Structure formats: structure tokens, C-alpha cells
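K.L.:
After the C-alpha cells below, expect a handful of questions from me.
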Amino acid sequence: MAARPLLGAALVPLAILLVSGLGYAAFPDDLAFLTHLIAISLLVLSLDLVTGYCGIATLGQAALFGVGAYAAGNACLGGLTDPVLLLLVGAAAGGAAGLASGAVVTRFRGLPQLVQSIAIGQLAAALANKLASWTGGSDGLAGIEPGPVLGLAAFDIYSRTAYVLAVAVLVLVVIGLTILVRSPFGATCRAIRDDDLRARMIGIAVYPRLVVMYGIAGAVAGIGGALTAITTGVVGLDSIGFERSAQALVMLTLGGAGTLWGALVGAFLFQVVEHFVAAYNPFHWITAVGAFLVLIVVLMPRGLASGLPEMVRSFRSSEVRSSGSWLSSTSLRLPRPFGSFKSSRLPGRQP
């Protein structure tokens, strides 16, 4: 029984490696898209930490993603070209921005909290547009050229090195987040999500824990932003805009909040469907993707992470009920060999 939690914790990283290997083999010409998919998956994971595990309503998570991207980009332009160090710069910048914004957002609950997150996100986007000397403004921050990874693997035009780096980063982040959400700190965050008043009554310091989790989520989003800057060589205003935050929330809703693998599945499915539908029909792909999302949400309101297991369980239970009713309706009656004989007196014999 003790090995079962360890096995469950190892399944998600193993699944990431398996799917990544299949993606590398099946789509060798689309590695740039798969690398971008992983970067956005990190953003969705960061949103899952604050929304799925803490119950924080936010629509400004892209601000943390963009801060990490701009920080890594400026550090690279300033002479720091090691990709691993650039990822750490993005994590530090995103974490600091997360702590600062989380100190404001987590003071509220409900609709005021959501409005605060939108306001902070819009403020960050406006600053990115105005501070053109640091961000490039509407033209974007270009010319980002990182050095080889660990001094060994240089980035190539086919995005092979970028893809391998992205997969490695995603696996390490998922392992770290799995340890985090399974820790006592993660358990207290879930208790706050379920009932913050009861959590206060049993002695849990609600506000500091929410701020810390917001900072951790900012670090994860910052890593995703730094990964985008490193692998694409440019950071645009779309990295920090409201649309990116809204898309991340849609992906999390699609996969299911409160589970790491649900966030990954939602990010993967949304981006793959969007990519291939847009390539197939560039004029009506938004309508097709919207219809697909509506269908999934109607069938599985809690997302794929909870909806698929529930569908499997209901299917199995219906099979059991149908087989039970069939057995009861076709029950066999065994012959009774002595049931048809009646006691009788032999002729000529009287009692």
C-alpha cells in the first residue's frame, strides 16, 4: 500500500516522457509548436496551483508569464546566455511578481479578487507597451540568442535542442509540483480552498499560505515565459496580454482544476485541436474549436480529469446492472428427480 502513492506520483512524469517521445517521432517538423505547447502547459500548471488548489479566482496569470519572458530576454541581451541560468532568472522574476501581486489579490475573495487580478494583468500589459526600452513595445523584444545548453547542445533551426530542453524542464517542474501538492503545505491549501473560514478556525494562517502559493505559481509561470523567450528568440506583447490569461483558464477548465495531470491534458488537447483545426480550415477554426469546448464542458462540467473516470465508472456499473438483470430473468430451474413422485400404497398392502 505504501508503494501505491509513489507509483501514482511517477505516472505523470512517465506519461510526459512517453507522449513527448511519440510527438518527437510523429511530428519531427513541428517541434517548434510542441515546444511552445510545453511552455503554455507550464502557464496552465501555475494557474492550477492558485485556482485549482487554493480556490483563487484570477484572470491575470499571463502577467507572471510575461514578466519571466521579458526578464530572461533582457538578461540574455545583457550577456547572460546560459539557458539554465536564464530559466532561473525567469523563475525568480515570475516568483517576485507573484509574491507582489499575490499580496494584493489574496486579500479579497470572489468577484473583487477576480477584478483585482484583471486590473493587475492589464497594468502589466500597459507597462510592457510603454517601457519600450526594456520590452521593445509593440515591436517585441527581439535578438535573444542563448548559448548551448550546459555548454554542449546548441540550438538549431529544427528546434530539436529546444524541444528536449522543454521536455526536461516540464518533467522536473511536474515532479516538484507533485511533491508540493502532496505535502502538508499542499493539504492546507486544499483545506483553504474548500472552506477558508473553517481553516482559520482550526489555526491555519490563510493569507501567508495563499501569498506563498501565488509566488510559487509565479515562478512556474516565469519558467514558462523564459522558455518561450529562449526557444523563440523574441517576446511579444501577446505573452503578457489578457487573451493569454483567458486561454489558460479555458485550458484548465477543459482538463479539470485541482489535478496536475488535468491541467496538462487540458493544455495539450486545446492547443493540439486549435493547431490542427486552424491548419485544416483557417477561416472557421474558431467556430469549430468553440463548439468542441462547449461540447466537452456540457458533457464533463468538472473537466476531463474528473469526467473521464466518472464516465468509465458509470459505464461499468451499467454493465454490472444489465448483467445482473439478465441473470435474474434467465435463472435456471434445476430438475427435482424425486419431486414428481407421490407416496402411494401398494395394492394388497394395508397399514
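K.L.:
Go through (1) outside any helix (DSSP H, G or I); (2) in contact (Cβ under 8 Å) with a residue 12 or more places away in the chain for residue 49 and report which single condition fails.
P.N.:
Here residue 49 clears every test but (1).
K.L.:
Does residue 106 meet the test of being buried (at least 17 other Cβ atoms within 10 Å of the Cβ), of a type in the set (Val, Ile, Thr) and farther than 27 Å from residue 209 by Cβ?
P.N.:
It is false that residue 106 is buried (at least 17 other Cβ atoms within 10 Å of the Cβ), of a type in the set (Val, Ile, Thr) and farther than 27 Å from residue 209 by Cβ.
K.L.:
Right, here's the next one. Would you mention how many residues in the range 42-85 are over 21 Å from residue 125 (Cα atoms), crowded, with 24+ Cβ neighbours inside 10 Å and of a type in the set (Gly, Ala, Ser)?
P.N.:
Number of matching residues: 1.
K.L.:
I would also like to ask the following. Being assigned to a helix (DSSP H, G or I) and within 18 Å of residue 117 (Cβ to Cβ) is the requirement here; does residue 271 meet it?
P.N.:
no
K.L.:
Could you please let me know if residue 250 is more than 25 Å from residue 124 (Cα to Cα), within 17 Å of the chain's Cα centre (by Cα), in a helix (DSSP H, G or I) and among the aliphatic types (A, V, I, L, M)?
P.N.:
Answer is no for this residue.
Conditions (1) out of contact with any Asp or Glu (no Cβ under 9 Å at 6 or more places or on another chain); (2) more than 26 Å from residue 178 (Cα to Cα); (3) among the basic types (Lys, Arg), marked per residue:
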{"position": "259", "(1), (2), (3)": "no, no, no"}
{"position": "272", "(1), (2), (3)": "yes, no, no"}
{"position": "280", "(1), (2), (3)": "yes, yes, no"}
{"position": "288", "(1), (2), (3)": "yes, yes, no"}
{"position": "291", "(1), (2), (3)": "yes, yes, no"}
{"position": "294", "(1), (2), (3)": "yes, yes, no"}
{"position": "305", "(1), (2), (3)": "yes, no, no"}
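K.L.:
Can you tell me which residues in the range 90-130 are at negative phi, outside any helix (DSSP H, G or I) and touching a residue at least 40 places away in the same chain (Cβ under 8 Å)?
P.N.:
Within the range 90-130, 106, 107, 109 meet the criteria.
K.L.:
Let me ask another. Here is a check on your reading of the model: is residue 246 in contact with a helix residue (DSSP H, G or I) (Cβ under 9 Å, 6 or more places away or on another chain), surrounded by fewer than 16 Cβ atoms within 10 Å (Cβ to Cβ) and touching a residue at least 24 places away in the same chain (Cβ under 8 Å)?
P.N.:
yes
K.L.:
Any residue at all in the range 149-160 that's under 11 Å from residue 231 (Cβ atoms), hydrophobic (A, V, I, L, M, F, W, C) and modelled with pLDDT of 90 or more?
P.N.:
no
K.L.:
Further question: So, residue 215, is that one of a type in the set (Gly, Ala, Ser) and crowded, with 17+ Cβ neighbours inside 10 Å or not?
P.N.:
Against the criterion (of a type in the set (Gly, Ala, Ser) and crowded, with 17+ Cβ neighbours inside 10 Å), residue 215 qualifies.
K.L.:
What do you reckon, is residue 331 at pLDDT below 75, surrounded by fewer than 10 Cβ atoms within 10 Å (Cβ to Cβ) and more than 20 Å from residue 44 (Cα to Cα)?
P.N.:
Yes: the conditions hold for residue 331.
K.L.:
If you don't mind, there's one more thing I want to ask. Go through (1) at pLDDT below 90; (2) touching a helix residue (DSSP H, G or I) at 6+ places or on another chain (Cβ under 6 Å); (3) among the hydrophobic types (A, V, I, L, M, F, W, C) for residue 59 and report which single condition fails.
P.N.:
(1)
K.L.:
I need a count of the residues in the range 233-243 that are in a helix (DSSP H, G or I) and crowded, with 24+ Cβ neighbours inside 10 Å.
P.N.:
Residues meeting the conditions: 1.
K.L.:
Would you kindly identify the helices (runs of 4 or more DSSP H) lying entirely within the range 144-232 that contain at least 2 residues that are without any contact (Cβ under 8 Å) to a residue 40 or more places away in the chain and under 18 Å from the mean Cα position of the chain (by Cα)?
P.N.:
Ranges flagged: 160-181.
K.L.:
Are any residues in the range 270-299 touching a residue at least 24 places away in the same chain (Cβ under 8 Å) and within 12 Å of residue 40 (Cβ to Cβ), and if so, which ones?
P.N.:
The answer is 271, 272, 275.
K.L.:
Can you tell me which residue is surrounded by the most Cβ atoms within 10 Å (Cβ to Cβ) among those in the range 257-274 that are of a type outside the set (A, V, I, L, M) and farther than 13 Å from residue 293 by Cα?
P.N.:
Only one residue fits best here, namely 262.
The values are calculated or read from the model by the stated rules, or taken from the named source; none is laboratory data. Keep in mind that what you see is a predicted model, and the values were worked out from it rather than measured. For neighbour counting, all protein chains shown are included, and Cβ atoms are generated from backbone atoms with ideal geometry for every residue, glycine included.
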